[in-house]
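To start, the structure under review is shown below, and the notes come after it.
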Amino acid sequence: MTETIVELITDYGIYVIFASAFLSCLALPIPTSLMMLTGGAFVASGDLDAWPVGLSALAGAILGDQTGYLIGRVGGGALVARLSRSPTRAAVLKRATDLVDRRGGMGVFLSTWAVAPLGPWVNFIAGATGLTWLRFTVGDILGEVIWVTVYIGLGYTFMDHVTVVAQIMTDIVGLVVTLVLAAAATLWIRGVLRAKAKARAGRL
């Protein structure tokens, strides 16, 4: 896959970086993180300039997120219901919904880089549940700046080990997602137990 991405960037440069960032934010299975790491390696080798690479990735990610938010806003509950027909998607949407309900704009911010696999689904949910556009956009832009800077910076720094870095980052993100979900489940369980304890105390 790395060879294919190198060929694509060689042939199309920042345009393929923009397109991959845009489409991945709409839940399409595109290895955008590896694409940005490779773009950073091209910057280090002098084949591409840093600003065009960074801005193309950032613009693609933000426009993709905004499109996902708009789709969620227009489609609303009907869209979520349709997507939830798949058990796997239903589970992911539930996690995205919990993140938006509990954190609002901060949840959007975290979904763009700390728990990136939830990002596209958070975009849909944020629109469908009526999170204000301003809160969504502020969290989105700040988070995408971090995401793009980290991955292009790592590609630049470790230009000869892009594949290894991509695997390490995938493992780290997976661990973070697991920890965030575990923390959310713990808080939910504590809330349920407290509600039951208050109900029992009220009956005494």
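The table below gives the values:
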read-out: Protection-proxy order for peptides 136-142, 71-77, 107-113, each taking the mean of Cβ atoms within 10 Å per residue, highest first; value: 107-113, 136-142, 71-77
read-out: Surface per residue (accessible, 1.4 Å probe) for the range 1-140, Å²; value: 47
read-out: Sequence of 134, 23 when ordered by accessible area, the most exposed leading, probe 1.4 angstrom; value: 134, 23
read-out: Debye-sum result for the range 1-149 in log10 I(q)/I(0), which assumes one identical scatterer on each alpha carbon, at q = 0.12 Å⁻¹; value: -0.48
read-out: Listed peptides 86-93, 63-70 by packing density, highest first (mean Cβ within 10 Å); value: 63-70, 86-93
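The values are calculated or read from the model by the stated rules, or taken from the named source; none is laboratory data. As the structure is a prediction and not an experimental result, all values here were calculated from the model. Neighbour counts are summed over all protein chains in view; Cβ atoms, including those assigned to glycine, are modelled from backbone coordinates with ideal geometry. What goes into the accessible areas is simple: the full protein's heavy atoms, side chains included, and nothing from ligands, DNA or RNA. Shrake-Rupley method; radii C 1.70, N 1.55, O 1.52, S 1.80 Å.
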